[in-house]
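Peer 1: Dropping a structure here in C-alpha cells format, bear with me for questions.
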Amino acid sequence: MHEQRPPLSIRLRNGLVARNRVWLAPLTNQQSHDDGVLSTAEQRWLERRAEGGFGVVETCAAHVSQDGQGFDGQLGVWGDHQLPRLRELAAAIAQAGALGLVQLYHGGVRSPSRLTGRRPWSASSFTEAGRPDFEVPRAAEVSDIEAAIDAFEQAARRTAAAGFHGVELHGAHGYLLGQFLSGTMNQRTDEWGGSFANRARLIRTIARRVRAATPAEFLVGARISLKTSATPAASTSTNRCSSPPGWPRTASTSSTSRCGTARRTPPSAPTSTPSRCSAPPCRSTSRSSSPATSGPAPRPRPSSSAAPTSSLSARLRS
Ligand SMILES: Cc1cc2nc3c(=O)[nH]c(=O)nc-3n(C[C@H](O)[C@H](O)[C@H](O)COP(=O)(O)O)c2cc1C
C-alpha cells in the first residue's frame with residue numbers, strides 16, 4: 001500500500017520528507033554577531049521563511065572554524081557558545097513544518113587576516129590578478145587539512161545537536177573545498193592534489209566523516225561548482241597538474257550542482273549529479289572572470305536592524 005503524502009512533497013534519500021520543493025538557498029547576510037552567534041534579526045528572518053511555507057530553509061554559509069571566517073557578521077558553528085541560538089532556530093523551523101539545514105563553510109584563501117588574525121591558507125600558494133586586497137595564501141600543511149576535516153565534523157555534530165535536519169558542505173563558489181577541487185588553485189603533489197581523485201579527497205573525506213558522525217536520518221549534502229582563476233605562486237609553478245577535459249586552467253568559470261545524500265559512504269564522484277538531485281545553475285556564478293563571487297564580497301557590517309531582503313541582496317550584489 002502506498003504511503004499518502006501531500007502531492008507537492010519530496011522524499012529525500014534518507015527518508016526525510018520536505019513538504020514541497022521550494023528550498024531557501026543559502027544567503028549570506030552578515031547579520032550574526034562578531035563571535036559567530038546568530039542574531040535575532042537573522043533568526044527571525046529565517047523563521048519567517050519557514051512560517052511562510054518553504055519546504056527547506058537553509059542558513060547562510062556558516063564557518064566551521066575561526067580561521068575559516070570569510071565575511072564580517074558571518075554565522076559560526078565552531079563553538080558551543082553558538083548552540084543556544086542555533087537550537088532556537090532549529091526548533092522554530094521544525095515547528096513551522098520545514099526542514100532546517102546549515103551550510104558548512106571554510107573560506108580558505110577567502111578568509112582574510114583582518115577577520116581571522118592569521119594569514120589565509122589554501123591548497124597551494126597562488127596569486128590572483130586584479131584583486132588589490134588579495135593575500136597570497138600559504139600552502140596547507142597536512143595538519144591544516146586534518147584540522148579542517150575535524151572542524152567540519154565537529155560543526156556537523158553541533159548542527160545535529162542543535163536539532164537541525166542536516167547540513168550542506170559548501171564546495172561551490174571557490175571557497176576552501178572548491179580550492180582543493182580546482183586544477184589551478186590546487187598545485188599539490190601529495191595525496192591531496194594532482195589527479196581529480198586526489199583533489200576531491202578533502203570534500204569526500206569530510207563527507208564520509210560527517211556522515212559517520214551524525215545520525216542516519218540527518219541529511220548530508222554538498223553544493224559543488226567548478227571555479228578556477230588562480231595563478232600559481234612562483235615557488236609552485238613547476239608543479240602544475242593537468243585538469244580534466246573541460247576544466248579551464250586559468251579562465252574563471254563555474255556551474256553549481258547540489259545533492260543531498262544519506263548514504264553511509266560518499267558518492268563515488270563528487271561532481272556527479274544523481275537524477276533526483278535537481279540543480280539549476282547558479283546565476284551569480286555563471287558569469288565569468290570573477291572568482292568566488294557568488295557570496296558577497298566582504299562589506300561593512302549592516303546595522304543590527306533587519307534590512308528588507310531585497311535591498312540587502314541588491315546591496316550585496318552590487
Ligand atoms: C546576497 C547573496 C548571498 C549569497 N550567499 C550564499 C551563501 O552563503 N552560500 C551559497 O552557497 N550561495 C550563496 N549565494 C548564492 C545563492 O544561494 C544562489 O545560488 C544565487 O542567488 C542564485 O539563485 P537563483 O538561482 O535562485 O537566482 C548568495 C547569493 C546572494 C545574492
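Peer 1: Residues of the stretch 159-200 being farther than 23 Å from ALA90 by Cβ, open to solvent by 10 Å² or more (accessible area, probe 1.4 Å) and assigned to a helix (DSSP H, G or I), which ones?
Peer 2: Within the stretch 159-200, PHE196, ALA197, ASN198 qualify.
Peer 1: Next question. Can you tell me how many residues within the stretch 201-217 are open to solvent by 60 Å² or more (accessible area, probe 1.4 Å), in contact (Cβ under 8 Å) with a residue 40 or more places away in the chain and in a helix (DSSP H, G or I)?
Peer 2: Final tally of qualifying residues: 4.
Peer 1: On the basis of being of a type in the set (A, V, I, L, M), open to solvent by less than 10 Å² (accessible area, probe 1.4 Å), more than 16 Å from the ligand (Cβ to nearest atom) and at pLDDT 95 or above, does ALA96 make the cut?
Peer 2: Judged against the criteria, ALA96 is not a match.
Peer 1: Given the structure, is GLN74 within 12 Å of the ligand (Cβ to nearest atom), within 18 Å of the chain's Cα centre (by Cα), outside any strand (DSSP E or B) and farther than 18 Å from HIS170 by Cα?
Peer 2: Answer is no for this residue.
Peer 1: Still on this structure, I have one more. Within the stretch 138-152, can one find any residue that is within 16 Å of the ligand (Cβ to nearest atom), of a type in the set (Ser, Thr, Tyr) and assigned to a helix (DSSP H, G or I)?
Peer 2: no
Peer 1: Do you know which residues across the stretch 61-71 are polar (S, T, N, Q) and assigned to a loop (DSSP other than H, G, I, E, B)?
Peer 2: Within the stretch 61-71, SER65, GLN69 qualify.
Peer 1: Might you let me know whether the stretch 78-93 holds any residue that is assigned to a helix (DSSP H, G or I) and in contact with a Ser or Thr (Cβ under 6 Å, 6 or more places away or on another chain)?
Peer 2: no
Residue-by-condition table, conditions (1) away from the ligand (no atom under 12 Å from the Cβ); (2) modelled with pLDDT under 95; (3) closer than 28 Å to LEU115 by Cβ; (4) touching a helix residue (DSSP H, G or I) at 6+ places or on another chain (Cβ under 7 Å):
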position: ILE10; (1), (2), (3), (4): yes, yes, no, no
position: TRP23; (1), (2), (3), (4): no, no, no, no
position: GLY53; (1), (2), (3), (4): yes, no, no, no
position: HIS63; (1), (2), (3), (4): no, no, yes, no
position: HIS81; (1), (2), (3), (4): yes, no, yes, no
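One line per residue, one yes/no per condition, for (1) modelled with pLDDT of 95 or more; (2) in a loop (DSSP other than H, G, I, E, B); (3) in contact with a Cys (Cβ under 8 Å, 6 or more places away or on another chain); (4) basic (Lys, Arg):
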site: ASN20; (1), (2), (3), (4): yes, yes, no, no
site: ASN29; (1), (2), (3), (4): yes, yes, yes, no
site: LEU38; (1), (2), (3), (4): yes, yes, no, no
site: ARG44; (1), (2), (3), (4): yes, no, no, yes
site: ARG49; (1), (2), (3), (4): yes, no, no, yes
site: THR59; (1), (2), (3), (4): yes, no, no, no
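Peer 1: State yes or no: is LEU169 within 15 Å of ALA62 (Cβ to Cβ), within 16 Å of the ligand (Cβ to nearest atom) and modelled with pLDDT of 95 or more?
Peer 2: Yes.
Peer 1: Then there's this: Count, please, the residues in the stretch 135-150 that happen to be open to solvent by 70 Å² or more (accessible area, probe 1.4 Å) and touching a strand residue (DSSP E or B) at 6+ places or on another chain (Cβ under 6 Å).
Peer 2: Count: 1.
Peer 1: Now for a different question. Among the candidates GLN103, GLN154, which residue alone is closer than 19 Å to LEU38 by Cα and in contact with a Pro (Cβ under 7 Å, 6 or more places away or on another chain)?
Peer 2: Just a single option satisfies the conditions, and that option is GLN103.
Peer 1: Now a separate question. Give the stretch 25-47 a look and list any residue that's more than 15 Å from the ligand (Cβ to nearest atom) and of a type in the set (S, T, N, Q), or say none.
Peer 2: Those that are more than 15 Å from the ligand (Cβ to nearest atom) and of a type in the set (S, T, N, Q): SER39, THR40, GLN43.
The values are calculated or read from the model by the stated rules, or taken from the named source; none is laboratory data. Since the model is a prediction, treat every value here as computed from it, not as a measurement. Don't worry about glycine lacking a Cβ; one is built from the backbone with ideal geometry, like all the others, and counts go over all protein chains shown. Protein only, heavy atoms only, side chains kept; ligands, DNA and RNA dropped before computing areas. Shrake-Rupley method; radii C 1.70, N 1.55, O 1.52, S 1.80 Å.
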